[in-house]
1. Is it true that some residue in the stretch A:60-83 is within 16 Å of ligand 1 (Cβ to nearest atom), farther than 21 Å from A:H215 by Cα, out of contact with any Lys or Arg (no Cβ under 6 Å at 6 or more places or on another chain) and polar (S, T, N, Q)?
2. Would you mention how many residues in the stretch A:197-219 are within 14 Å of ligand 1 (Cβ to nearest atom) and open to solvent by 50 Å² or more (accessible area, probe 1.4 Å)?
3. Any residue at all in the stretch A:27-37 that's within 16 Å of ligand 2 (Cβ to nearest atom), among the aromatic types (F, W, Y) and surrounded by 18 or more Cβ atoms within 10 Å (Cβ to Cβ)?
4. Kindly check whether there is at least one residue in the stretch A:161-173 that is out of contact with any helix residue (DSSP H, G or I) (no Cβ under 8 Å at 6 or more places or on another chain), part of a helix (DSSP H, G or I), of a type outside the set (S, T, Y) and surrounded by fewer than 17 Cβ atoms within 10 Å (Cβ to Cβ).
5. Considering only the stretch B:36-46, how many residues are of a type in the set (V, I, T) and either within 15 Å of B:I192 (Cβ to Cβ) or buried (at least 18 other Cβ atoms within 10 Å of the Cβ) (or both)?
6. Looking at A:R222, A:R258, which is the one that is in contact with a Leu (Cβ under 7 Å, 6 or more places away or on another chain) and open to solvent by 50 Å² or more (accessible area, probe 1.4 Å)?
7. Checking the condition within 15 Å of ligand 2 (Cβ to nearest atom), closer than 15 Å to A:N14 by Cβ and of a type outside the set (S, T, Y), which residue from A:F57, A:F61 passes?
Amino acid sequence: MALRTTPIADNAPNKITVKELDFFYGDFHALTDITVDIKEKAVTAFIGPSGCGKSTFLRCFNRMNDLIPSARAEGLVSLDGQDIYETGVDPVDLRRRIGMIFQQPNPFPMSIYDNVAFGPRLQGVSKKAALDEVVQTSLERANLWKEVKDILGRGGLTLSGGQQQRLCIARVLAVEPEVMLMDEPCSAIDPTSVQKIEDLMAELKDRITIIIVTHNMQQAARVSDFTAFFLQEVAGDPAILVEYDRTSNLFTSPKDRRTEDYITGRFG
Amino acid sequence: MREAFRQELKDLKAEVVSIGKGVTDRTRDAVTSLVTGDVDLAEKVVAGDEEIDRRTLAVEEHSIEVIATQFPVARDLRLLHSLTYIALHYERMADLAVNIARAAKRTAGRRGPQTLYDLIQAQGNLVYRVLDATCEALETRDVELARKLQDLDEPIDHLYKQFFRELARLQDEEDIEWASSMVLASRYLERIADNAVDIGERIAYLVTGEFEALHSPDEETS
Ligand SMILES: Nc1ncnc2c1ncn2[C@@H]1O[C@H](COP(=O)(O)OP(=O)(O)O)[C@@H](O)[C@H]1O
Ligand SMILES: [Mg+2]
């Protein structure tokens, strides 16, 4: 229930709309009948027991699942009202608009500077001043600038895990994405970096839409405006979206008994 | 870990129910001391207040500790927060019972018209019922009973008003200090019942998760 001066309005625009989505890995039916509207410039958290399809669902938003043979999505996923699975959509462009952060930080084996400048260079930015500017701004937004401003030439992989994760965030931010997907971004890093990442999320949501998968329910409660709870009720059956609501409602007065049982630790 | 947490919630709730029962007993003793002029009983009620204060504080401290360490959510959070809220209400009700006991001490040497004692006793009997209902509704998570507290409160307000009318009929030679002490006692009983209605609303919230429209007490009469 991220503390903010004004809560996201009920009529805030939807950034991503999902309608009746089913997802399959070959014969395995992983998700069924998911319908959800993701609000623009808000933080939305996905919670649920491990294996219930949170990462799978997240990867539907930037078509990362396309890379898995036999994987198949049915239903509608749209970004700003446009179906992202339409034939005309370029997945590479889509992944620029919708960046992704993974559980394990994965900086490229190059300098801190080059990591952040990588995307802008691909987009054709080549002037040093322009690159310097975007590198600094992105590192500032990623809450890492102060720690690395004097060592920009050093290898990204020499940083601590938590710093590497923030470097990856800076790398994503450098191409000005509209949405940032974060799949358990804090699971493998130190508490100070966790704090810094939670802080930067709060600052970033003035500009972008964030979706975070987290197994840490306190984190979901702290950082998100909306929370979606997923559950695979019977092993082998597809998972469903049990409840989706404002985080402040879901963590105080959940409407579904299964949500209640999960968040209060009665199972899972 | 979670099991121990569950047990703590249960213990804390049992403690608040027990405080509620203690307040019911004290209210009963206070009214009895007033109606029968029993100074010793009134003294006992006054002396017992410290215990309720201490136990209420302990509930609050314990609940803050659990919130800080266990991150309760949903029904657990509603329960913990509501228990503190309810305990504080009970504590205030115990203070009101003490005020009634003080009135008993002030008036013990004198004897006024029996009708007024009867009215206070009748009002007291209704208040015990309301208090019992708060304890039972909390113990059993009974939303219907919790919501009924408002209805149970109504006749108590009526008796308070009737008390005023009876008082107006008193002759000039009646003892003014006696009369005003009795009015205050009736007023305290009415306030105890108002607190009980608040507790009822809180119990409904902790069970349903919905805040229901808060009742506003009748216009202040004194
Ligand atoms: N590449 C894949 N191929 C086949 N099955 C997969 C693949 N990735 C995930 N799954 C299965 O899909 C289900 C959901 O997985 P996942 O989305 O990773 O869950 P979560 O992120 O909630 O832990 C699991 O049963 C998992 O084994
Ligand atoms: Mg996952």
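The values are calculated or read from the model by the stated rules, or taken from the named source; none is laboratory data. Note that the coordinates shown come from a computational prediction; the quantities given were computed from them, not determined experimentally. Reconstructed Cβ throughout: ideal geometry from the backbone, glycine too, with neighbour counts over all protein chains shown. Ligands, DNA and RNA are stripped out before the accessible areas are found, and what is left, the full protein with its side chains, is counted by its heavy atoms. Shrake-Rupley method; radii C 1.70, N 1.55, O 1.52, S 1.80 Å.
1. Scanning the stretch A:60-83, I find at least one residue that is within 16 Å of ligand 1 (Cβ to nearest atom), farther than 21 Å from A:H215 by Cα, out of contact with any Lys or Arg (no Cβ under 6 Å at 6 or more places or on another chain) and polar (S, T, N, Q), so the answer is yes.
2. Residues meeting the conditions: 2.
3. Scanning the stretch A:27-37 turns up no residue that is within 16 Å of ligand 2 (Cβ to nearest atom), among the aromatic types (F, W, Y) and surrounded by 18 or more Cβ atoms within 10 Å (Cβ to Cβ).
4. Checked the stretch A:161-173: no residue is out of contact with any helix residue (DSSP H, G or I) (no Cβ under 8 Å at 6 or more places or on another chain), part of a helix (DSSP H, G or I), of a type outside the set (S, T, Y) and surrounded by fewer than 17 Cβ atoms within 10 Å (Cβ to Cβ).
5. 2
6. A:R258
7. That would be A:F61, the only listed residue that is within 15 Å of ligand 2 (Cβ to nearest atom), closer than 15 Å to A:N14 by Cβ and of a type outside the set (S, T, Y).
One line per residue, one yes/no per condition, for (1) touching a residue at least 24 places away in the same chain (Cβ under 8 Å); (2) hydroxyl-bearing (S, T, Y); (3) buried (at least 19 other Cβ atoms within 10 Å of the Cβ):
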{"site": "A:A9", "(1), (2), (3)": "no, no, no"}
{"site": "A:K39", "(1), (2), (3)": "yes, no, yes"}
{"site": "A:V43", "(1), (2), (3)": "yes, no, yes"}
{"site": "A:F46", "(1), (2), (3)": "yes, no, yes"}
{"site": "A:P49", "(1), (2), (3)": "yes, no, no"}
